[in-house]
Amino acid sequence: MKKGPKNPMPNRTPKYIEDLVVELAKATNFSPRRLAVVLSSSHNISLSPYTIRNILRRYKI
């Protein structure tokens, strides 16, 4: 019997935003704080630097 949650986390960042963060981080090598500024100015996406840090840790960047 499966012991994990039946549904994914309800407030997790959508996959397409995570992919964008990972792509920008690999291309620019910016810090999470600077990535947050770039995302808000050019892509109109508001993310906390701490959220970006967690995404980068999850993808081992």
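The values are calculated or read from the model by the stated rules, or taken from the named source; none is laboratory data. Note that the structure is a prediction, hence the values are computed from the model and not measured. Positions of Cβ are generated from backbone atoms using ideal geometry, with glycine treated the same way; all protein chains shown enter the neighbour counts. Calculation scope for accessible area: heavy atoms of the full protein, side chains included, ligands and nucleic acids excluded. Shrake-Rupley method; radii C 1.70, N 1.55, O 1.52, S 1.80 Å.
On the stretch given as the stretch 10-36, residues that are in a helix (DSSP H, G or I) and touching a helix residue (DSSP H, G or I) at 6+ places or on another chain (Cβ under 9 Å) total 13.
Screening PRO32 against (1) in contact (Cβ under 8 Å) with a residue 24 or more places away in the chain; (2) open to solvent by 50 Å² or more (accessible area, probe 1.4 Å); (3) not β-branched (Val, Ile, Thr) leaves a single unmet condition, (2). Cβ-Cβ below 9 Å, separation at least six or inter-chain, first residue in the stretch 1-25 and in contact (Cβ under 8 Å) with a residue 40 or more places away in the chain, second part of a loop (DSSP other than H, G, I, E, B) and open to solvent by less than 100 Å² (accessible area, probe 1.4 Å): which pairs? Every condition considered, the pairs that remain are THR13/LEU47; GLU18/TYR59.
Taking the stretch 43-59 as the range and being of a type in the set (D, E, K, R) and under 16 Å from TYR16 (Cβ atoms) as the test, only ARG58 passes.
Within the stretch 49-61, residues that are among the aromatic types (Phe, Trp, Tyr) have Cβ atoms under 6 Å from residues that are open to solvent by less than 50 Å² (accessible area, probe 1.4 Å) in these pairs: TYR59/VAL22, counting only partners at least 6 apart in sequence or on another chain. Scanning the stretch 37-61 for residues that are part of a helix (DSSP H, G or I) and of a type in the set (Gly, Ala, Ser) yields SER40, SER41, SER42.
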